[in-house]
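Throughout, read-outs are computed from the coordinates displayed, never taken from laboratory work. Because the structure is a prediction, the values reported are computed rather than measured. Counting neighbours? That spans all protein chains shown, and the Cβs are built from the backbone with ideal geometry, glycine included.
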Amino acid sequence: MNDGPLISAQALQREFGAGNLVVLDATTLLPGETFDPAAAFLSEHLPGARRFDIEQFSDPDGGFPHMVPTQARFARLFAALGVTNDRTVVFYDQKGVVSASRGWWLARLFGHERAFVLDGGLPAWKALGGAVESGAPAAVDGVVAYTARPVFARLAGLGDMLAHVGDGSATVLDARGAARFRAEVPEPRPGVRGGHMPGAVSMPYQTVLDATQHFLPADALRSAFAGAGVTQDRPVVTTCGSGLTASVLAVALEVAGFQHGALYDGSWAEWGATPAAPVATGAGA
């Protein structure tokens with residue numbers, strides 16, 4: 001496999017059969033979606049895949065969606081899926097790359113370097129004639145242990161973001177749709193104000209994907225990020241509604257060859273519901 005965050009369907013087909021590979025379906029719901037990812041997984045999934053339930057890989061006591069779990073919780077749940085520290089993990093999404101990107105980001109946050117996103121997701125796999133299977137996955141064989149090694153530079157909290165907004169010390173990329181960024185449409189979560197963080201740049205996550213939900217080539221991504229003000233010598237923080245689509249930008253930054261940025265875990269669900277957090281509307285930076 002290459003050293004970047006992506007693996008193509010062709011490359012993954014070549015890797016199948018390797019005993020060191022764990023394939024995880026990370027599909028979760030975006031706002032407005034109503035299907036059942038778990039049922040869809042049972043109906044159709046990559047051979048040998050297991051379910052990486054993002055709702056489970058979240059802090060059950062967090063006040064906002066998809067907050068990062070504790071180190072111990074992540075390690076316990078990752079091990080239960082058959083992952084050890086020396087195994088290669090490929091995350092995929094039943095529709096594209098959003099949920100797989102969140103799985104990848106969580107794995108990298110907790111120090112798992114051999115983690116990849118299936119570019120194009122399940123549709124790309126099937127388009128190549130890749131085999132699928134149905135039913136519950138096989139039980140994990142034996143007792144598996146996993147040791148998390150967090151890299152907290154990949155994570156930003158509310159205090160970090162208040163500081164960044166106050167002193168302009170980072171480029172903040174907002175992956176939500178432009179209409180939400182400009183407060184032209186209401187937020188999907190009750191009690192959350194519309195708008196964006198002062199100084200943030202609107203970069204909807206679709207900007208870094210093509211029509212088939214593959215990431216754009218590295219040179220096109222570099223151009224897109226440069227247009228958003230990203231440079232190698234300035235920290236970058238990605239944000240969105242609840243930490244999902246911000247992960248797509250995080251993957252794209254690495255594909256483009258930029259230093260990995262941090263992801264604001266609470267994202268707009270937290271910022272927009274925090275009275276002390278300033279809000280801007282309109283086009284922004």
* Residue exposure sequence - V192, V144 - by fewest surrounding Cβ within 10 Å -> V144, V192
* Residue order, fewest to most beta carbons within 10 Å, for Y264, Y92, Y205, Y146 -> Y146, Y205, Y264, Y92
* To do: Would you pull out the residues with amide H under 5 Å of G243's amide H, same chain only if 5 or more places away, H placed 1.01 Å from N?
  => W268
* **Positive minus negative residues near N85 (Lys, Arg vs Asp, Glu; Cβ under 12 Å)** => +1
* Asked: In nm, to one decimal, how far is the L158 label point from the D36 one, both placed 7 Å along Cα→Cβ?
  -> 3.5
* To do: Among DSSP beta bridges whose residues both lie in the chain, state the antiparallel percentage, nearest 5.
  => 10
* **Positive-end residue, the chain charge dipole about Cα centroid, Cβ charges, pick of A26, V132, G62** => G62
* Mind sorting V255, V172, V132 by how few other Cβ atoms lie within 10 Å of their own Cβ, fewest first? => V132, V255, V172
* To do: Quick one: among A262, A107, A170, which has the greatest mean-square fluctuation in a GNM of the chain with alpha-carbon springs under 10 angstrom?
  => A170
* Net charge of neighbours whose Cβ lies under 13 Å from the Cβ of T27, counting Lys and Arg as +1 and Asp and Glu as -1 -> -3
* Structure fact -> Once Lys and Arg are counted +1 and Asp and Glu -1 for all other residues with Cβ under 13 Å from that of A170, the total becomes -3
* To do: Provide the descending list of Cα extents for segment 30-163 along its principal axes, expressed in whole angstroms.
  => 49, 39, 25
* So for the pair V144, L77, with labels modelled 7 Å out along Cα→Cβ, what separation do we get in nm? -> 1.4
